[in-house]
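The next block holds one structure in the form of structure tokens; read it before the comments.
The values are calculated or read from the model by the stated rules, or taken from the named source; none is laboratory data. For clarity, every value in this text was computed on a predicted model and none was experimentally measured. Virtual Cβ from ideal backbone geometry, glycine too; neighbours counted across all protein chains shown.
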Amino acid sequence: MAELGSDIEKAANFLRLGEVIGIPTETVYGLAGNALDPDAILKIYEVKNRPSFDPLIAHVDSIEKVIDFVDAFSSKAEALAHSFWPGPLTLLFNKKNQIPDLLTSGLPRVAFRVPNHTQTLNLLRLVDFPLAAPSANPFGYVSPVSAGHVNDQLGEKIPYILDGGECAIGIESTIVGFEKDEAIVYRLGGISLEDIQSAVGKVTVKLNQSSNPVAPGMLKSHYSPKRKLVLSDNLAASIDENPEAGIISFMEDYGEKHQFILSKTGDMNEAARNLFKALRHMDEMPISKAFVELVPEKGLGKAINDRLRRATA
Ligand code: TXA
Ligand code: MG
């Protein structure tokens, strides 16, 4: 098992040596390595068992640090970065040569994000390279929102996990790129569509539905928990027919033994924070399947539902 701790000097040293470690962010935990070192990037792909056609996000502690690695910011990119960094937003830029092709899977664009987590921002200030960090889960599985989740799944393969508590947002960053100056959302995430629109006006949403993403986004069957997860538009009826099943509800309490309520008060941010915990919880229950309902499509609800559709695909 990996060592868990809050020693950022120690974390920085592992990274300088080319190791990969677990790091906290406000969205989900990341599996981090030196984004400029192809060997460290390869290690990340290996530890995650991730296909190399799925590119990684580079993390830095300030907008200024992105500038060296990319072509100029467009005015929309600047508006988004200033509005939401540090925070759960990833921006795609045309990359310069210093960014290894391995990081972007050969694509011309590179993904950057400034995460909003004090320990990780301090760690990023200590090292003199960006950190490549996909979510710290085995490929295709649910993202980790605590250091313990990372240790459970990848602890055998990495030396250290920086423990920064539970993730405050709980779902991954929103990914935005630009096509002919039009803002395109490739992944729904921790910044709502409404908030993106209020910063840059109309945006187009192009979520990846394919199982072979040439470009961005996510595979269709992502977030697959071990338990069979089934979408239900009537949880009461589903549980009547399958009394042994588990349920994940948005806010209603069905009084079932194997249930997880995302937010009793209908708070969408709380629901997002609880989503991956709920999926993991179902995996630990002695059930053969679990029913889950979609949440209202407002705010982070769209991002939650996108993940639920993929998890039940
Ligand atoms: O919140 C997050 O974004 C977390 C934390 C750790 O920062 N990271 C994360 O990374 O979710 P990952 O690797 O699980 O998902 C990154 C997504 C991938 O689906 C990938 O296809 C897309 O970002 N991506 C990365 N670089 C890209 C690029 N150059 N062009 C298009 N899509 C890219
Ligand atoms: Mg991921």
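Within the stretch 106-121, is there a residue that is at pLDDT 95 or above, within 23 Å of residue 37 (Cβ to Cβ), part of a helix (DSSP H, G or I) and more than 16 Å from the chain's Cα centre (by Cα)?
Yes, some residue in the stretch 106-121 is at pLDDT 95 or above, within 23 Å of residue 37 (Cβ to Cβ), part of a helix (DSSP H, G or I) and more than 16 Å from the chain's Cα centre (by Cα).
Suppose we filter the stretch 275-305 for residues that are over 10 Å from residue 250 (Cβ atoms), touching a strand residue (DSSP E or B) at 6+ places or on another chain (Cβ under 8 Å) and not basic (Lys, Arg); how many remain?
Of the residues in the stretch 275-305, 10 are over 10 Å from residue 250 (Cβ atoms), touching a strand residue (DSSP E or B) at 6+ places or on another chain (Cβ under 8 Å) and not basic (Lys, Arg).
Pick from the stretch 168-208 the residues that are assigned to a strand (DSSP E or B) and among the polar types (S, T, N, Q): which of them is nearest to the chain's Cα centre (by Cα)?
First pass over the stretch 168-208, keeping only residues assigned to a strand (DSSP E or B): 174-179, 182-187, 204-205.
Now restrict to residues that are among the polar types (S, T, N, Q): 174, 204.
On the way: 174: 9, 204: 21 Å.
Residue satisfying both the conditions and the ranking: 174.
Within the stretch 224-313, considering only strands (runs of 3 or more DSSP E) that don't extend past its boundaries, which have at least 2 residues that are free of Cβ contacts under 8 Å to residues at least 60 places away in the same chain?
Working: elements: 228-231, 246-249, 259-261, 289-292.
Those strands (runs of 3 or more DSSP E) span 246-249, 259-261.
So for the stretch 156-164 (the condition being farther than 17 Å from residue 41 by Cβ, in contact with a strand residue (DSSP E or B) (Cβ under 8 Å, 6 or more places away or on another chain), at pLDDT below 95 and away from ligand 2 (no atom under 16 Å from the Cβ)), does at least one residue qualify?
Looking for residues that are farther than 17 Å from residue 41 by Cβ, in contact with a strand residue (DSSP E or B) (Cβ under 8 Å, 6 or more places away or on another chain), at pLDDT below 95 and away from ligand 2 (no atom under 16 Å from the Cβ), one finds none in the stretch 156-164, hence no.
With the requirement that a residue be within 16 Å of ligand 2 (Cβ to nearest atom) and more than 17 Å from residue 173 (Cα to Cα), what does the stretch 105-126 give you?
105 - this is the single residue of the stretch 105-126 that is within 16 Å of ligand 2 (Cβ to nearest atom) and more than 17 Å from residue 173 (Cα to Cα).
Tell me whether the stretch 79-96 contains one or more residues that are farther than 19 Å from residue 136 by Cα, surrounded by fewer than 18 Cβ atoms within 10 Å (Cβ to Cβ) and within 16 Å of ligand 1 (Cβ to nearest atom). It would help to see each step written out before you state the result.
Initial filter on the stretch 79-96 (farther than 19 Å from residue 136 by Cα): 79-86, 91-96.
After this cut, where a residue has to be surrounded by fewer than 18 Cβ atoms within 10 Å (Cβ to Cβ) as well, the list is 79, 82-83, 94, 96.
This time we only want the ones that are within 16 Å of ligand 1 (Cβ to nearest atom), so: 94, 96.
There is at least one residue in the stretch 79-96 that is farther than 19 Å from residue 136 by Cα, surrounded by fewer than 18 Cβ atoms within 10 Å (Cβ to Cβ) and within 16 Å of ligand 1 (Cβ to nearest atom).
Against the condition among the hydroxyl-bearing types (Ser, Thr, Tyr), modelled with pLDDT under 95 and over 20 Å from residue 196 (Cβ atoms), how does residue 52 come out, does it pass? Please lay out each step first, then the result.
Numbers: among the hydroxyl-bearing types (Ser, Thr, Tyr): yes; modelled with pLDDT under 95: yes; over 20 Å from residue 196 (Cβ atoms): yes.
Against the criterion (among the hydroxyl-bearing types (Ser, Thr, Tyr), modelled with pLDDT under 95 and over 20 Å from residue 196 (Cβ atoms)), residue 52 qualifies.
Residue 142: within 13 Å of ligand 1 (Cβ to nearest atom) and at pLDDT below 95, yes or no?
Considered against the rule, which asks whether it is within 13 Å of ligand 1 (Cβ to nearest atom) and at pLDDT below 95, residue 142 comes out as yes.
For the stretch 112-139, which positions are within 13 Å of ligand 1 (Cβ to nearest atom), surrounded by fewer than 24 Cβ atoms within 10 Å (Cβ to Cβ) and among the aromatic types (Phe, Trp, Tyr)?
Selection gives 139 alone.
Looking only at residues that are surrounded by fewer than 24 Cβ atoms within 10 Å (Cβ to Cβ) and small (Gly, Ala, Ser) in the stretch 45-63, which one is nearest to ligand 1 (Cβ to nearest atom)?
Ranking the qualifying residues of the stretch 45-63, first place goes to 52.
Which one is surrounded by the fewest Cβ atoms within 10 Å (Cβ to Cβ) among residues in the stretch 29-44 that are of a type in the set (A, V, I, L, M) and in a strand (DSSP E or B)? Steps first, answer last, please.
Going residue by residue through the stretch 29-44, those that are of a type in the set (A, V, I, L, M) are 31-32, 35-36, 40-42, 44.
Then keep just the ones that are in a strand (DSSP E or B); that gives 31-32.
Values: 31: 29, 32: 31.
Here the answer is 31.
Testing residue 98 on (1) part of a loop (DSSP other than H, G, I, E, B); (2) closer than 26 Å to residue 229 by Cβ, one condition comes back false. Which one is that?
With respect to (1) part of a loop (DSSP other than H, G, I, E, B); (2) closer than 26 Å to residue 229 by Cβ, residue 98 is out only on (2).
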